[in-house]
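Peer 1: Below is one structure. I have some questions about it.
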Amino acid sequence: MDTFTFLKYLTQFAMPPASMAVGLLLAWVLALVGLHRFGVTVAALAVAQTLVMSFPPVADALLGSLQDKARAAAAQAPPCCYEAIVVLGGGVTPAAPPFLAEPDLADAADRVWYAAQLYHRGVARRIIVSGGSFVAQRGGPATSEAEAMRRFLLDLGVPSEAIVSEGTSLNTLENICNVRQMVGDARVALVTSAYHMPRALRIARQGNLNVGAFPTDWHLPPEARPSWENWVPSIAAMAWSSISLREHIALLLDRRGEI
């Protein structure tokens, strides 16, 4: 098992609801072998983690540090001019006929919309869309994420000749390495979600890719949301907590690409 797959499994099992399921299963096993008190403690911790991560203030705190770093990096990026605008995968689910006839826009599809906006603003004369497909890699009926983003960009008014596809990468490290081979030492405008930008920038530095940060897909601050969305536990808050915590764990443990 490679490091990428290991980290995916690790972060999935460390986050609710999977972590609660694992905790309750472990508590049941402990109870069966007679460790009732220990089992109750494990079950309580599993439920407590799920509840805590469902509170919006927790999600805001975890997201806040990531978005602050993205905002600081964006402030240092020159507004123009770049060799290319690079859009990292993660915003669009590629088509997989006959199961999914058309690409599906995910929550992070802001990345593609923002790249089109930057192109029309004249930040760069071409856009590199980077992202493959796990299904296609296993021989399944799927196009690449790069192709899905290309089609979206065409609908947003970006001419076909201005779009360059990199459709083999399956994670951020491969995104960066493949783009580096395409552009060399030239500077590119890196577009990804704000919460993902700190890790993307670290990988870019390790891969010697010269980038300016153009984050998007921002999470609304508490003052821009209704009061019930700020204090009532919710699935949305748990999702944002999990996304942010995965980024923090990856920043701490993922050492792929280091020399």
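The values are calculated or read from the model by the stated rules, or taken from the named source; none is laboratory data. On a predicted model such as this, the values are computed, not experimentally measured, just so you know. As a convention, Cβ positions derive from the backbone with ideal geometry for all residues, glycine included, and neighbour counts pool all protein chains shown. Side chains included, ligands, DNA and RNA excluded: accessible areas come from the protein's heavy atoms. Shrake-Rupley method; radii C 1.70, N 1.55, O 1.52, S 1.80 Å.
Peer 1: Suppose all protein chains stay in the model; what accessible area per residue would a 1.4 Å probe give for the chain, in Å²?
Peer 2: Using a 1.4 Å probe on heavy atoms only, each residue of the chain averages 51 Å².
Peer 1: I've got another one for you. If packing is taken as the mean number of other Cβ atoms within 10 Å per residue, what is the order of 226-238, 117-129, highest first?
Peer 2: Result, highest mean Cβ count within 10 Å first: 117-129, 226-238.
Peer 1: Could you state, as a whole-number percent, how many of the C-alpha pairs of the chain are farther apart than 23 Å? Mind dumping the intermediate values first?
Peer 2: Values: 19104 of 33411 pairs.
So the portion of pairs separated by more than 23 Å is 57 percent.
Peer 1: To continue, here is another question. Please report, in whole Å³, the volume per residue of the convex hull around the C-alpha atoms of segment 82-184.
Peer 2: 88
Peer 1: Also: Can you give the convex hull volume of the alpha carbon atoms of segment 198-238 per residue, in Å³?
Peer 2: Cα-based convex hull of segment 198-238, divided per residue, equals 96 Å³.
Peer 1: Same structure again: Only Lys, Arg, Asp and Glu count, each charged at its Cβ (+1, +1, -1, -1), so figure out the dipole size of the chain about its Cα centre, rounded to 20 debye.
Peer 2: In debye, rounded to 20, the chain gives about 480.
Peer 1: Something else about it: Which whole number of Å³ per residue matches the convex hull of the alpha-carbon atoms in segment 10-134?
Peer 2: Cα convex hull per residue, to the nearest whole number: 165 Å³.
Peer 1: Under the 0.36 nm per residue contour assumption, what length would be gained going from the current alpha-carbon distance of ALA74 and THR168 to full extension?
Peer 2: That works out to 31.1 nm of additional length.
Peer 1: Under 10 Å, Cα contacts only: if you run a Gaussian network model on the chain, which one of PHE13, PHE214, PHE38 comes out with the highest mean-square fluctuation?
Peer 2: Among PHE13, PHE214, PHE38, the largest GNM mean-square fluctuation belongs to PHE38.
Peer 1: If the elastic network links every pair of Cα atoms under 10 Å, which of GLY89, GLY157, GLY167 fluctuates the most in the Gaussian network model of the chain?
Peer 2: GLY157
Peer 1: Principal axis lengths of segment 189-259 from Cα atoms, whole Å, largest first?
Peer 2: 46, 26, 13
Peer 1: In segment 7-141, what percentage of the DSSP-assigned beta bridges are antiparallel, given to the nearest 5?
Peer 2: Details: 3 of 8 bridges.
Counting DSSP beta bridges with both partners in segment 7-141, the antiparallel share is about 40 percent.
Peer 1: Can you list the residues, at least 5 places off or on another chain, whose amide H is less than 5 Å from the amide H of VAL92, using H built in the peptide plane?
Peer 2: Amide H neighbours of VAL92: ALA106.
Peer 1: Still on this structure, I have one more. Counting only protein heavy atoms, what percent of the accessible surface of segment 19-64 is carbon or sulfur at a 1.4 Å probe?
Peer 2: Exposed carbon and sulfur together represent 84 percent of the surface.
Peer 1: Moving on to the next point. Rg over Rh of segment 148-203, using C-alpha atoms and the Kirkwood radius, what does it come to?
Peer 2: So for segment 148-203, dividing Rg by the Kirkwood Rh gives 0.97.
Peer 1: While we're looking at this one, here's another question. Rounded to the nearest 5, what % of DSSP beta bridges with both residues in segment 79-184 are antiparallel?
Peer 2: Around 25 percent of the beta bridges assigned by DSSP in segment 79-184 are antiparallel ones.
Peer 1: Right, something else. Name all residues of segment 97-131 having a backbone nitrogen under 20 Å from the label point set 7 Å from the Cα of ILE235 along its Cα→Cβ direction, giving them as ranges.
Peer 2: Those under the cut-off are 104-109.
Peer 1: Among bridges DSSP assigns within the chain, what percent are antiparallel (round to 5)? Don't skip to the answer; put the middle values down first.
Peer 2: Values: 3 of 22 bridges.
Once the DSSP bridges in the chain are tallied, antiparallel ones form about 15 percent.
Peer 1: Further question on the same structure: Would you mind getting me the FRET efficiency between SER160 and SER227? Use the beta-carbon distance for r and R0 = 30 Å, nearest 0.05.
Peer 2: 0.05
Peer 1: Scattering from the C-alpha atoms of segment 136-232 alone, worked out with Debye: what is log10 I(q)/I(0) at q = 0.15 1/Å?
Peer 2: So the normalised log intensities are -0.77.
Peer 1: In a Gaussian network model over the chain where Cα atoms closer than 10 Å are linked, find which of GLN206, GLN67, GLN76 has the largest mean-square fluctuation.
Peer 2: GLN76
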